[in-house]
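A short reminder: the numbers here are calculations on the coordinates, not readings from a lab. Source: prediction; values computed, not measured. Here the Cβ positions follow ideal geometry from the backbone for every residue, glycine too, while neighbour counts run over all protein chains shown.
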Amino acid sequence: MSLTPTRAIAQAAVALRGDDLPDVVLSAAKLHFLDAIGVGLAASTVPQNADWATALASVGGAGTATVVGQATGAPPAMAALLNGSRIHALEFDDTHIASVVHGSAVAAPAALAAAQGAGAEGATLLKGYVLAWEVMIRLGLSAPGAMQARGFQVTAVAGAVGAALAASLITGLDEGRTVSALGIAGSQASGLMEFLAEGASVKALHPGWAAHTGLIAAALAQGGMTGPASILEGRFGVMAGFAGLPDATEALNAQMSSLGATWHLPDAAFKAYPCCHYIHPFLEALETLIAQGLTAANLAQAIAHVPPPEAPLICEPWARRQAPASGYDAKWALAYCLAARLANGPLTVADFAQDPDAQAVALAQQFAWVPMVDHGFPARFAARLDVVTKDGQTLTAEVRNVRGAPDRPIGAAEVQAKFRANAARTLSAKAVAEAEAAILSLEVPGSLTDLRRALTS
């Protein structure tokens, strides 16, 4: 029997079930899981997310798996759907830059729900969480930017496979049934980028649906349904269908051969602002210009140099990126985000939980964009701003790679502070402290019980 990329993934899962994670990976995993839970808690307090979350909860019914931001639980697969959608709804969740994967929005809800459904401990949850991340990253790196270019969100597509792997590991499936779970999940993968046409909020559903798909796939595989071992590289497989690569075996094997030996999760970037990650380096560049004296009152014209592959998300159509249709739509509006920062101060969750600010929309009319030549996307997220002031000054600021990237990491203390601020929007101070302590010691027996208690108190 040939070792397909899918079988290599399944073997890595079975092997990891009995091995400990390296300390650097374990530490990174707990911080990223902490960040994801905090973002999900914050999202549960935003009014725009309330009605669709209620609708999902009514479809799923009651259950024992934790749903962030509410005292009542849900069945595991529905909890994964709700939690993943909430974690991604604010565009405040982490990203592995080179693969453009929002890993935690899939891996955290899938691993948490699977562990609670199986009665597993936190140490097993963390292994499933990490392996889901690693596979999602590797699928993205196998064809950098290819899925996005064809209109698919790599997080959603790769996430279905990663979530199935996490659920398979956590529930103890053997190699054969894990292969089937991956094949089933890949057959159900989805995630179109057409939300951009109207600023529709359905993008929040993408990682939640992927997490849900993974749990269902593992359950079906456990029950005897089979899935193709060639789901990734086959003629009608994931890479052919979503990335346009009819023969991706070599690229996939190159990535999957290091699974369990080389770890990418520690390189994933935390987000400092609740908006599209491509906009972050431009906000950094703007901060530099503000420090040099730029104000909303003295701005005459600003030109953003944008990597062309990013333009469909944050620049097109430019008129709507200057005047977004809603607060949610504003998360992908480069001109508006820059104008809002310049007019009103640092961007927060609250800025996107309301209609676009009229003053920022007016100021955004003074922004334009041009293609950046030496951008390095997707290996790095770069930005440049050229500004002319009303008193005749010319100012320029450039960011080679976004803060949070491996060469510019955000420290643990800042991540923990972000969690506390996000969690405090819905939990008591005592519950915030208890949840943080439980997540940062997830490998300790009993910590998952402590986390459930803190999140539902």
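Results, tabulated for the structure shown:
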quantity: Options (i) 23, 57, 19, 0; (ii) 27, 57, 15, 0; (iii) 23, 54, 21, 2 - which one matches P(r) over Cα pairs in 20 Å bins from 0, in percent as calculated here; calculated: (ii)
quantity: For Thr64, distant residues with modelled amide H under 5 Å away; calculated: Ala74
quantity: For region 166-175, Karplus couplings with θ = phi - 60° (6.51, -1.76, 1.60), whole Hz, Gly/Pro x; calculated: 4, 5, 5, 4, 5, 8, x, 5, 6, 4
quantity: Region 334-413 and region 159-224: distance between their alpha carbon centers, rounded to Å; calculated: 34
quantity: In sequence order, calculated HN-Hα J values of region 333-347 (Karplus, 6.51, -1.76, 1.60; Hz; x Gly/Pro); calculated: 9, 4, 4, 5, 4, 5, 5, 5, 5, 5, 7, 10, x, x, 6
quantity: Per-residue ³J(HN,Hα) for region 264-269, Karplus 6.51 cos²θ - 1.76 cosθ + 1.60, θ = phi - 60°, Hz, x for Gly and Pro; calculated: 9, 3, x, 8, 5, 9
quantity: Tail fraction, Cα-Cα pairs, region 277-399, threshold 26 Å, whole percent; calculated: 12
quantity: Beta bridges by DSSP in the chain, antiparallel share as percent, to the nearest 5; calculated: 75
quantity: Least to most buried among Met78, Met193 (fewest other Cβ within 10 Å first); calculated: Met193, Met78
quantity: Relative contact order, percent, the chain [alpha-carbon distance under 8 Å, six or more residues apart]; calculated: 20
quantity: Sum of -39500 (n - 2.57) over DSSP H runs of 4+, divided by residues of the chain (222 nm, nearest 500); calculated: -15500 deg cm²/dmol
quantity: Full-extension gain in nm, Ala254 to Thr394, via 0.36 nm per residue minus C-alpha separation; calculated: 45.7 nm
quantity: Cα centre as origin, Lys/Arg/Asp/Glu Cβ charges: region 277-399 dipole, Debye; calculated: 80
quantity: Per-residue Cβ neighbour rank within 10 angstrom, fewest leading, Met136, Met256, Met372; calculated: Met372, Met256, Met136
quantity: Those trypsin sites (Lys or Arg not before Pro) in region 99-207 that DSSP places in a loop and that have at most 16 other beta carbons within 10 Å; calculated: Arg150
quantity: Amide proton proximity set for Leu299, modelled H, under 5 Å, gap of 5+; calculated: Lys390
quantity: Neighbour cut-off at most 10 other Cβ (10 Å), DSSP loop, chymotrypsin sites (Phe, Trp or Tyr not before Pro), region 338-435; calculated: none
